[in-house]
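Bear in mind these aren't lab numbers, they're just calculated from the coordinates by the rules spelled out. Just so it is clear, the structure is predicted and the values come from calculations on it, not from any experiment. Backbone-built Cβ (ideal geometry, glycine too); neighbour counts: all protein chains shown.
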Amino acid sequence: MSRTRSAAKQARASHRRQLHNKSIKSKLHTLERRFLALIDAKKAAEATAALRDLTSALDKAAKSKVVHRNLAARKKSRLSARVKVLTPEKTGQVSGGVVK
C-alpha cells in the first residue's frame with residue numbers, strides 16, 4: 001500500500017503503462033510468429049509484406065521506448081536476412097560477388 005497520494009498516483013500510472021506496453025509487445029510477438037510461419041512455408045511475397053508490417057511495428061515500439069532501439073534494429077536485420085534467402089537475386093550475382 002502506498003504511503004502518500006503521489007506514490008499511489010505513480011503506482012496507478014505505472015500499472016497503466018505496464019498494460020499498454022504488454023499489449024504492444026504481444027502484437028510484436030504475434031507479427032513475428034506470423035512472419036516466421038510464412039518463412040517456414042517459403043512464401044516469399046507474403047513474407048515480404050509481413051516483414052514490412054513487423055518492421056513498422058518494431059520502429060513504433062522503439063520510438064515510444066517499449067522496446068530498446070537496438071533490439072528493434074537487431075530483429076529487423078536478422079528477419080530481413082531470412083527473407084533475402086528466400087528471394088532470388090535479380091542482379092545475376094551470388095552473395096560472394098561471383099557472376100553465375
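For the reader, a short list of remarks on this structure follows.
- Extended-chain gain in nm, criterion 0.36 nm per residue less alpha-carbon gap, Leu36 and Lys76: 13.1 nm
- Neighbour net charge for Ala41 - beta-carbon separation under 14 angstrom, K R +1, D E -1: +3
- Sorted peptide list for 75-85, 25-35, criterion being average Cβ within 10 angstrom, highest first: 25-35, 75-85
- Straight-line cross-link reach from Lys42 at under 28 Å between alpha-carbon atoms covers these lysines, not counting any fewer than eight positions away in the same chain: Lys25, Lys27, Lys60, Lys75, Lys76, Lys84, Lys90, Lys100.
- For Glu46 and His20, a Förster radius of 30 Å and the Cβ-Cβ distance give a FRET efficiency of 0.55, rounded to the nearest 0.05.
- For Cα extents along the principal axes in Å, calculated from these coordinates, the label among (i) 43, 28, 24; (ii) 57, 50, 30; (iii) 72, 25, 16: (iii)
- Scattering curve values for the range 6-61, log₁₀ I(q)/I(0), Debye with Cα scatterers, q = 0.13 Å⁻¹: -0.44
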